[in-house]
Amino acid sequence: MKPLYDNSGGSALLFEARAGALRTLAYHRRFYTSADVARAICRICGTEEEITEHIVLRCADLCPGHLGGTTYSLALGFRGDAEKSTVVARVVYVTKQRLVQCRRRTRRQCRRADNVDV
């Protein structure tokens, strides 16, 4: 089986997601009390709560999308006996792409907010 971690940015984000430490707004709610963090609405699509499962599977504004029937655990690379390693590798590759795209887009928003003159 192809290793899940290949020393890329996507691998680092996959590790965070698998460990429950992906820096989503729902995660930040544990530490910060601002109104934006308290609402925790997805900064990408604005439709659902920004939790790891939403980013990995359901955020419609992140591409590529997973194939129908992909479970959250499979998307994170946890596989049962029935899943073939090639299927897991493809699904995890898509997950890494979605996580990297999410991180880039949310960082860009934060930089824009920091540069606004008040």
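The values are calculated or read from the model by the stated rules, or taken from the named source; none is laboratory data. For clarity, every value in this text was computed on a predicted model and none was experimentally measured. Every residue, glycine as well, gets a Cβ built from its backbone with ideal geometry; the counts of neighbours run over all protein chains shown.
Of all the residues that make up region 28-72, how many are within 15 Å of Leu99 (Cα to Cα), not β-branched (Val, Ile, Thr) and not in a loop (DSSP other than H, G, I, E, B)?
5
Filtering region 58-72 down to residues that are within 13 Å of the chain's Cα centre (by Cα) and surrounded by fewer than 17 Cβ atoms within 10 Å (Cβ to Cβ), which residue is nearest to Ala19 (Cα to Cα)?
Tyr72
Given (1) under 14 Å from Ala75 (Cα atoms); (2) surrounded by 12 or more Cβ atoms within 10 Å (Cβ to Cβ), identify the lone condition not met by Val37.
So the condition that Val37 fails would be (1).
Out of curiosity, is Arg104 in a helix (DSSP H, G or I), modelled with pLDDT of 90 or more and exposed (fewer than 12 other Cβ atoms within 10 Å of the Cβ)?
Judged against the criteria, Arg104 is a match.
Considering only region 53-85, state which residues are in contact (Cβ under 8 Å) with a residue 12 or more places away in the chain, polar (S, T, N, Q) and touching a Lys or Arg at 6+ places or on another chain (Cβ under 9 Å).
If the condition is that a residue be in contact (Cβ under 8 Å) with a residue 12 or more places away in the chain, polar (S, T, N, Q) and touching a Lys or Arg at 6+ places or on another chain (Cβ under 9 Å), then Ser85 is the only one that fits.
Looking only at region 73-89, which residues are in a loop (DSSP other than H, G, I, E, B) and either at pLDDT 95 or above or within 13 Å of Ala17 (Cβ to Cβ) (or both)?
Those that are in a loop (DSSP other than H, G, I, E, B) and either at pLDDT 95 or above or within 13 Å of Ala17 (Cβ to Cβ) (or both): Leu76, Gly77, Phe78.
Within region 1-27, can you find the residues that are touching a helix residue (DSSP H, G or I) at 6+ places or on another chain (Cβ under 6 Å) and part of a helix (DSSP H, G or I)?
If the condition is that a residue be touching a helix residue (DSSP H, G or I) at 6+ places or on another chain (Cβ under 6 Å) and part of a helix (DSSP H, G or I), then Gly9, Gly10, Leu13, Leu14, Ala17, Leu25 are the ones that fit.
Could you please tell me which pairs satisfy a Cβ distance under 6 Å, a separation of 6+ or placement on different chains, a first residue in region 3-14 that is within 10 Å of Val92 (Cα to Cα) and touching a residue at least 12 places away in the same chain (Cβ under 8 Å), and a second residue that is not aliphatic (A, V, I, L, M) and not in a helix (DSSP H, G or I)?
Correct list of pairs: Leu4/Gly77; Ser11/Tyr5.
For the condition of a type in the set (Lys, Arg), surrounded by 16 or more Cβ atoms within 10 Å (Cβ to Cβ) and modelled with pLDDT under 95, what is the one hit in Arg29, Arg18?
Of Arg29, Arg18, the one residue that is of a type in the set (Lys, Arg), surrounded by 16 or more Cβ atoms within 10 Å (Cβ to Cβ) and modelled with pLDDT under 95 is Arg29.
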